[in-house]
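To start, the structure under review is shown below, and the notes come after it.
Since every read-out is calculated from the coordinates, none of them should be taken as a lab result. Given the structure is predicted, the values throughout are model-derived calculations rather than measurements. Methodologically, a virtual Cβ is constructed for each residue, glycine included, from the backbone with ideal geometry; neighbour enumeration extends over all protein chains shown.
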Amino acid sequence: MAGTVLMVNSVGSLVGAISCTDQPALSLEVSSYLRASLSDNSRKAYRSDLNHFISWGGTVPASPEMVAAYLAAHAGQHAVATLARRLVSISKAHAARGLPSPIGAELVRATLRGIRRTHGSIQRQVAPAVREDLLLMVAGLSGIKGLRDKALLLIGFAGAFRRSELVSLTLADIEKAQQGLIIQLRFSKTDQAGEGRKVAIPFARGSVCPVLALQQWITAAGITEGSIFRGVNRHGVIADTALTPQAVALIIKERAQATGLDSANYAGHSLRAGLVTSAAQLGVSSWKIRAQTGHKSDAMLVRYIRDANIFVDNAAGAVL
């Protein structure tokens, strides 16, 4: 049991999981690379999920019967997506110790299917900040904070960036090109290996240009190195450190509310969803959209494209 507790306390990095009392000690170098194998957010999520399972009475190793009982005990209390994520954390804890995972057992899978059928609900989708919304959001922005917010919103939309990707950008990631800018994205949610990819931000044909907006912010802020999108206090003083992902979501909500939109429907993902939806409405091919967003397949784009084209060749429209 001591080994299990140790594993849970450090499950995020998987170091404790592999270096329990029944495993050989790991070198500092191996331990550091194990920690780097997961993002901070992933480590926190795994740790929280495992602590919840253990607090309920679970153990590692766990039997399929125990995991099924855990699911049943929390059905209706937690979202199905939350329970599914906790199964992933339980499975990873087993894999880290070289133990067979109970998650693949039909008993566990059938229990989750039953919970989904009984308690499942429509997954909440944030509203996409489509091009028309975006133009309203950036209109009238002024002052140093306004310059930052305008650049943040336009670059976030044009690059279809996640909020975590936006705040990770540094001046060294920006390369000027004849057609606009090339942004080197070093890490992303789906690129835990850190292979990186390049995202093109072209000059805009209209009056609102993400490239010019970013250049204006960098110049006005006097940024010569380090993070691009930084905090600005009410006195206009610019911080040395990057914004948090939560701050990006708040900026989007603030600008949505200022333009008369319901801020409750907008969040950090709205910029990324807005680019996909706007491009789909204009008939941009899915592979071109994926080149900008970094999606590996069309599967994750389907719902945006479907919603964007919901009135195109609509059956009721053809009849009525």
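For the reader, a short list of remarks on this structure follows.
- Using a cutoff of 8 angstrom between alpha carbon atoms and counting only pairs six or more residues apart, the relative contact order for region 72-153 works out to 26 percent.
- Karplus (6.51, -1.76, 1.60) ³J(HN,Hα), θ = phi - 60°, over region 83-100, in Hz, Gly and Pro reported as x: 5, 5, 5, 5, 5, 4, 5, 5, 5, 5, 5, 5, 4, 5, 9, x, 9, x
- Treating r as the C-beta distance of residue 106 and residue 73 and R0 as 25 Å, the FRET efficiency rounds to 0.80.
- Pairs exceeding a 28 Å alpha-carbon distance, out of 44/176; 176/288; 44/296: 44/176.
- Under 5 Å between amide hydrogens, built in the peptide plane, is the criterion, and for residue 230 it picks out 243 among residues at least 5 positions away or on other chains.
- Potential lengthening between residue 235 and residue 65 on full extension [0.36 nm per residue; Cα-Cα distance subtracted]: 55.3 nm
- Here's how it looks for residue 181: its modeled amide H is under 5 Å from those of 201, 203, which are all 5 or more places away or on a different chain.
- Cα gyration tensor category, rounded, prolate or oblate, for region 264-306 with a/c compared to 1.5: prolate
- Phi-based couplings in Hz for region 140-148 (Karplus 6.51, -1.76, 1.60; Gly and Pro marked x): x, 5, 9, x, 5, 5, x, 4, 5
- By other beta-carbon atoms within 10 Å, ranking 262, 149 with the fewest at the front produces 262, 149.
- If the chain linking residue 164 and residue 299 were pulled fully straight, counting 0.36 nm for each residue of separation and taking away their Cα-Cα distance, it would gain 46.4 nm.
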